[in-house]
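Trainee: One structure follows; several queries about it will come next.
Every number in this text was worked out from the coordinates using simple rules, so none of it is lab data. Treat the numbers as computed from the prediction; the structure is a model and nothing was measured. Every residue, glycine as well, gets a Cβ built from its backbone with ideal geometry; the counts of neighbours run over all protein chains shown.
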Amino acid sequence: MKHKIKLNCIIPSAAKTISKNKISEYEFIDKNPEVGDVIYGKVVNLGQHGQIENKNGRVHTITEGIKSLFVFGNRYAPDYYEGFVPQSMSNEVELIARSGVVGKVNVKNNKIKDPTIIKVLGYLIDKNGDIINTRNFNTIIPINKKTHSKRAKLILNIGTSMNSGKSMSAAACCSVLSSLGNNVRFSKVTGTASLKDILNAQDRGAEIVNDFTFMGYPSTYMLTEEELLNIFNSIDLKIANNFKNYWVVEFADGILQRETAILLKNEFVKKRIHKLIFSADSAFSAIGGITILKDKFGLFPDAISGVCSSSPLMIRELKDFTTVPIINNINPNFKEVFEIIK
C-alpha cells in the first residue's frame, strides 16, 4: 500500500541528487535492496550516529521517532564500520554513515558504539510505482567525452589511512592556490557520502566542488574499476577542462584501501597526476608509506602533509629519513607550498 511522505522529512546528503518533486510516496515492497535504493524510515534506537547530514550540508540532531530518507550503500571506514547492502529486505537496517547511508554492519571499530537502528517504512517510489535509486540521477555530464588534452593541473591528495589529514591537506592546497590568484576546483573521487570535506574546500577557495554523490553513488566501496574510472573521468572532463586551472583531488581512506589502490595502479590516473601530496598520521607511517607508494604503485610524493605536519617533533623525525618537503596543512606557508605544487 502506498503512503504519502511528509514534506518536512530529511533528505540526506547521500540522496543529494534526488529533487524534492520526486519525494512523494513510499511503499513496503519485498525486493532485495541494491546500492542507491532510497527508503523512508524511522529512527528506533540511537547508537553511534545521533545526527544526519542533509543534502545542503546542515547537520540535524536526531532522536528516536525521527523520520528521514535513507540510501542503501556499502561503507569502508576503519575508524567506524565496514558495512554492506543486505542481501534481502528486512524491517530494520543500520545507519552506517551520518550522510544517511544504511546497510548491515559487517565489522566495527571497538572504540565506537553499535549503529543506530532504522525501521524501514518502505521504498521511495515514483508516480509509476518504481523504486527510486540515486544512481539514476547523475548531475555530472562531461562537457567533452572525446579528449583529455590540455587539462587542469591535478594535485592529488592521498594518505596512509582514514583521518590521516588528507582533507585538510587538500583544503590547504585550495587555500594556497586561490589566495595567490589561481582558479581551483576540488573533487573527492572516492569514499562515503559526506559534504563536510567538499564544503571545507569551498570555504578555502575552491570555486567548484563535487564528489561521487553528484553522480548518484552513496559510496564508492566495492565499485568496479570501470565504475571508478568513469567517476574520475566524468568529473575530470566536467570541471578540469581548462589547462590554466588547478584540480585538487582527494582519494579517501589509505593507499591500502581497495578503491584507492585500484586507481593508483591505473596508468592513466598516474599519468594524469601533476603533483602528489601524501598525508600521514605519524612520522613512522609516512616513512613506511613512501616505501609502499614506490614499491606497489611506482609513485613518489612531491610533499608530505597530514596530521604529522602539525607536530615539530614528528617533522624532526621525518627529516632524519627523507628529504621530501613537508607541508603544514594547518598553517601553510603560501609561497613555499605554491613552489611545491605549482
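Trainee: With viscosity set to 0.890 mPa s and temperature to 25 °C, compute the Stokes-Einstein D of the stretch 153-341, Rh being the Kirkwood radius across alpha carbon pairs; µm²/s, no decimals.
Mentor: Result for D is 152 µm²/s.
Trainee: Let me ask another. Can you tell me which of 159-167, 254-262, 211-219, 308-316 comes out highest on packing, and rank the rest after it, using the mean Cβ neighbours within 10 Å?
Mentor: 211-219, 159-167, 254-262, 308-316
Trainee: Can you give the relative contact order of the chain as a percent, counting alpha carbon pairs under 8 Å and 6+ residues apart?
Mentor: 18 percent
Trainee: Just the ratio, please: alpha-carbon radius of gyration of the chain over 2.2 N^0.38 Å, N its number of residues.
Mentor: 1.01
Trainee: Would you mind checking the tilt of helix 225-239 against the longest principal axis of the Cα atoms of the chain, expressed as 0 to 90 degrees and rounded to 10?
Mentor: 70 degrees
Trainee: So how do 182-188, 65-71, 12-18 stack up, highest first, on mean other-Cβ count within 10 Å?
Mentor: 12-18, 182-188, 65-71
Trainee: Which shape class, rounded, prolate or oblate, goes with the stretch 3-133 when its Cα gyration tensor gives a ≥ b ≥ c as root eigenvalues, a/c under 1.5 marks rounded, and past that a/b bigger than b/c marks prolate?
Mentor: prolate
Trainee: Please report the equivalent ellipsoid semi-axes of the stretch 65-206, computed as sqrt(5 x eigenvalue) of the Cα gyration tensor, largest first, in whole Å.
Mentor: Listed largest to smallest, the semi-axes of the stretch 65-206 are 33, 22, 13 Å.
Trainee: Turning to a different aspect of this structure: Where does each of 49-58, 263-272, 193-202 land if you order them by average Cβ count within 10 Å, highest first?
Mentor: Packing proxy ranking, top to bottom: 193-202, 49-58, 263-272.
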